[in-house]
Each structure stands twice: as C-alpha cells, then as structure tokens.
Amino acid sequence: MSIEAPAPRPADLPPDDELRRLVGLVDHNAAADPFPVLGWDVLVWVVGNATQAAHFLESAFGLRLEAYSGPETGNRDHKAFVLRSGGVRFVVKGAVDPTSPLVTHHDLHGDGVVDIALEVPDVDRCIARARSQGATVLVEPHNETDEFGTVRSAAIATYGETRHTLIDRSRYTGPYLPGYIARSSNYRPRSGDPRRLFQAIDHVVGNVELGRMDHWVEFYRRVMGFENMAEFVGDDIATDYSALMSKVVANGNHRVKFPLNEPARGPKRSQIDEYLEFYRGPGVQHIALATSDILTAVDCLRREGIEFLATPDSYYSDPELRARIGHVRVPVEELRSRGILVDRDEDGYLLQIFCKPITDRPTVFFELIERHGSLGFGKGNFKALFQAIEREQETRGNL
Ligand SMILES: [Fe+2]
C-alpha cells in the first residue's frame with residue numbers, strides 16, 4: 001500500500017447530511033478560516049483501570065474496541081484501548097508501569113479526559129497561528145510513520161491539564177496511530193440491540209475557575225478562530241442555591257462546540273465548585289453524544305445499569321412546559337417514563353438526558369442529545385436540571 005494513498009472515510013461514520021442534522025452543522029467557508037478544523041479526532045481519557053474502563057464502554061455504552069497498545073505491543077508504560085461508536089472515538093489509557101506519568105496525573109485528577117484531539121487539514125498552519133496568538137505549544141509538529149502511512153500532529157495547551165492534539169490523518173490508513181495494533185474484543189452485544197447507541201460527539205464542556213470563563217472564550221476566539229455561539233448568565237441558570245455562567249464557542253461549521261462554565265457566587269456551592277474541588281482544577285465536565293434514537297439509547301443504557309439524573313414528575317405536567325415544547329416526535333409520556341428533557345427554540349427542538357458521573361469522583365458525565373433542528377443546548381432545562389444535580393450533590397454532602 002502506498003503511504004501517499006489518502007485515508008478512506010471510515011464506513012461507520014455518519015454521512016454528511018445525517019451529521020448535519022445530528023449535531024446541527026451550519027455552512028462555513030473553510031478557505032477563509034485562520035485555523036480550519038475538520039472535526040473531532042478522539043477524546044483521550046486517563047483512568048485508573050483501562051482494562052475495565054474499555055469493557056464498561058463496550059458493554060454499557062455500546063462502543064466497539066478497534067485498536068490497542070500495551071506491553072504486548074512493546075508499550076511497557078501503559079495500556080491504551082481505542083473504542084468507537086460511529087464518529088465517536090475514545091482512547092482509555094491506564095498505567096502499567098508504577099512510575100508512569102499517567103499515575104501522577106491520575107493521583108491528582110482521577111479518571112478524566114486529558115486530550116480533546118481535533119482533526120485539522122494543516123497541522124503546521126494551525127500551530128503557526130496558535131503560536132502567533134500566544135498559545136502554549138506542548139508538542140511541536142512531527143510525523144509518525146509505519147507501514148500504514150504517516151500521521152502528522154502537534155499539541156497545544158488548553159484549560160487545566162487538558163490539551164488539544166491537532167492531527168492530520170489524510171496520509172494514514174492504520175487502525176489508530178503508529179504503535180497501535182488492530183484489535184477487537186470477545187464482548188458480544190445482546191441480540192436485538194441497535195448497532196450503536198450514538199453516532200457523533202455534539203459538544204464537550206469545560207469547567208474553569210471563577211473569573212476565567214471569558215479568558216478561555218477569548219482563547220478559542222483568538223487562537224482557533226472560533227465564534228461565540230450562545231451564552232447563559234444570571235437567572236437562566238441560577239437556582240435558589242447556586243449559579244453558574246456558561247458561554248459556548250464553536251468552529252466555523254459548528255462541528256466542534258465548546259461550552260465553557262464557571263461558577264457564579266450563590267448561597268451554596270455550585271456543581272462547578274464541586275467539580276473543581278474533586279478534579280483539582282479545570283477540566284472536561286461532560287461530553288454530549290448525539291443520537292438518532294434517544295429512547296432506545298436510554299433503554300439500553302438503563303438496562304446495563306447506567307444511572308441518569310432524575311427529572312421531577314412535575315417537569316412533565318407543568319402546563320407552561322407542555323405549551324412551550326409543542327409537538328415532538330413521541331408522546332410526552334414516553335419521555336416522562338425515561339426522564340428525557342425537551343427544549344424548543346426558534347429553529348426546532350431537542351431531546352436530552354444526563355447521566356450521573358461515570359467516575360468515582362463527582363466529575364465527568366455524559367449527555368445524550370437528539371436534535372430536531374434546534375442548535376441550542378437545552379437552556380429551558382437548565383433550572384430543572386441544576387436542581388436535580390443539587391439533589392445529588394446534597395446526598396454526597398457537597399452542597
Ligand atoms: Fe451539554
């Protein structure tokens with residue numbers, strides 16, 4: 001195989017028109033973009049036990065193992081499992097060597113996302129732009145080559161100890177990166193389950209310290225040419241106890257969306273304060289996974305023991321809400337029985353639900369989102385949602 005051959009589009013990526021609907025893409029002139037981004041490449045997690053985390057992501061969340069690196073492949077530092085569901089790719093890494101730098105990271109932060117890697121067409125151009133705008137370049141542009149071709153990548157720092165690897169895979173056809181081998185597992189999905197529960201990453205949310213949200217909004221605007229998409233302040237997202245502020249930045253076509261939260265002062269500690277304390281600093285709070293069938297996804301996940309934030313019954317009987325959401329694709333009773341939230345704006349509506357943290361510390365969690373025209377983030381649900389989170393916080397003694 002020629003190393004110059006372009007990588008074929010993986011067969012399990014959603015087609016462009018489906019992706020447009022799933023994650024709310026908009027038209028964009030990439031030629032004029034100072035920092036063009038093609039999309040999400042991978043989310044890299046550091047966890048305490050990657051062997052078990054990989055099994056959990058397969059058995060509960062329906063991802064499929066497709067590549068691996070570890071002692072058997074010459075990597076004596078850690079094990080890394082590469083898993084995919086449609087356009088969603090996760091890598092979970094866990095230390096094998098007790099002196100691995102992953103141990104130090106995990107000691108401090110617990111399980112979490114360390115790298116939000118983005119696919120770009122021109123790594124060098126992006127790094128030149130990032131450097132000229134004052135970003136910290138953690139890894140200089142370099143090539144990695146094996147029999148499947150060449151990957152070019154570099155990395156810049158973002159909030160906390162999180163980074164963005166910028167990667168160009170256009171000349172690579174291997175299973176993940178040089179050093180990884182193709183691998184599947186013996187796990188067999190239950191018969192009758194859908195092929196996958198979700199198809200794409202919709203957005204990745206960062207929690208940052210009090211007073212730092214605008215700094216990071218400005219970072220994404222200046223360094224990566226992202227644009228402001230939405231903001232939520234004040235009463236939008238305040239409960240009786242606590243408050244937060246949130247602004248959303250997105251790349252030109254909205255394929256990559258980063259909401260950024262900071263705590264706001266309130267009578268009690270906000271969920272963002274709790275996160276910052278237990279993650280020991282800023283980091284990824286939640287990952288929204290776009291699904292074309294949120295009802296089936298919730299049923300499958302719940303059957304596997306995944307817990308969701310409870311939505312009070314009053315949410316569904318509230319006449320104001322009923323009037324606001326109008327007609328959705330399923331009877332409200334179907335949503336009520338699963339605790340799925342609805343929000344509507346001028347463009348359409350969305351269905352969404354939030355898992356409880358999937359880690360021991362009250363830090364990172366998943367959202368499932370099914371968009372029907374709406375380009376929003378569920379603003380109408382924030383209050384009901386935060387009250388649900390506070391009930392959980394109280395049971396942990398952290399409110
Ligand atoms: Fe979200």
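Name the lysines eligible as straight-distance cross-link partners of K93: C-alpha to C-alpha under 25 Å, and not fewer than 8 places from it in the same chain.
Of all the lysines, those that pass the test against K93 - Cα under 25 Å, at least 8 places apart if same chain - are K79, K257, K356.
Under the √(5λ) rule applied to the eigenvalues of the Cα gyration tensor, what semi-axes describe the equivalent ellipsoid of the chain? Give them in Å, descending.
32, 24, 23
Enumerate the amide H contacts of V256 below 5 Å, restricted to partners 5 or more residues apart or on another chain; note that Pro and chain-start residues carry no placed amide H.
Amide H neighbours of V256: N251.
About its Cα centre, how strong a charge dipole does the chain have in debye, to the nearest 20, once Lys and Arg get +1 and Asp and Glu get -1 at the Cβ?
The dipole of the chain has a size of about 360 debye.
Determine the calculated [θ] at 222 nm for the chain from helices alone, applying -39500 (n - 2.57) to every DSSP H run no shorter than 4 residues and normalising by the residue count; nearest 500 deg cm²/dmol.
-7000 deg cm²/dmol
In terms of the ratio Rg/(2.2 N^0.38 Å) built on C-alpha atoms, what value belongs to the range 232-388?
Its radius of gyration relative to the 2.2 N^0.38 Å reference: 1.03.
Once you keep just the Cα pairs under 8 angstrom separated by 6 or more residues, what percentage relative contact order results for the chain?
Contact order relative to length: 17 percent.
Residue by residue through the range 91-100, which ³J(HN,Hα) values in whole Hz follow from phi under the Karplus form 6.51 cos²θ - 1.76 cosθ + 1.60 (θ = phi - 60°), with glycine and proline marked x?
Whole-Hz 3J(HN,Hα) from phi for the range 91-100: 10, 10, 10, x, 5, 9, 7, x, 9, 4.
I'd like the Kirkwood hydrodynamic radius of the range 324-399, using the inverse of the mean 1/r over distinct C-alpha pairs, in Å. Don't skip to the answer; put the middle values down first.
Numbers: mean 1/r = 0.0737 Å⁻¹.
With all distinct Cα pairs of the range 324-399 included, I get 13.6 Å.
Mean separation of Cα pairs under 8 Å and 6+ residues apart, divided by the residue count of the range 52-98: what relative contact order is that in percent?
31 percent
Between R329, R338, R64, find the one with the highest GNM mean-square fluctuation for the chain; connect C-alpha pairs within less than 10 Å.
Judging by the Gaussian network model, the answer is R329.
Evaluate the relative contact order of the range 16-182 (contact order divided by residue number), counting alpha-carbon pairs under 8 angstrom at least 6 apart; express in whole percent.
Value for the range 16-182: 23 percent.
Does the range 16-182 come out rounded, prolate or oblate, given a ≥ b ≥ c as the square roots of the eigenvalues of its C-alpha gyration tensor, rounded meaning a/c under 1.5 and, failing that, prolate meaning a/b above b/c?
Prolate.
From the Cα gyration tensor of the range 8-100, with a ≥ b ≥ c the square roots of its eigenvalues, which class applies: rounded if a/c is under 1.5, or else prolate if a/b is larger than b/c, or else oblate?
On the way: a/c = 2.80, a/b = 1.89, b/c = 1.48.
Prolate, because a/c is 1.5 or more and a/b exceeds b/c.
Taking H placed 1.01 Å from N in the peptide plane, check which residues at least 5 places from Y279 or on another chain put their amide H under 5 Å from its amide H.
Amide H neighbours of Y279, under 5 Å, 5+ apart: none.
Please report Rg over Rh for the range 135-204, where both radii come from the alpha carbon positions and Rh follows the Kirkwood definition.
Expressed as Rg/Rh, it is 1.09.
Rule-based calculations on the coordinates, nothing more; no lab input. The shown structure was predicted, so the numbers you read here are calculated from the model rather than taken from an experiment. Quick reminder, even Gly has a Cβ in these numbers, built from the backbone with ideal geometry, and neighbours come from all protein chains shown.
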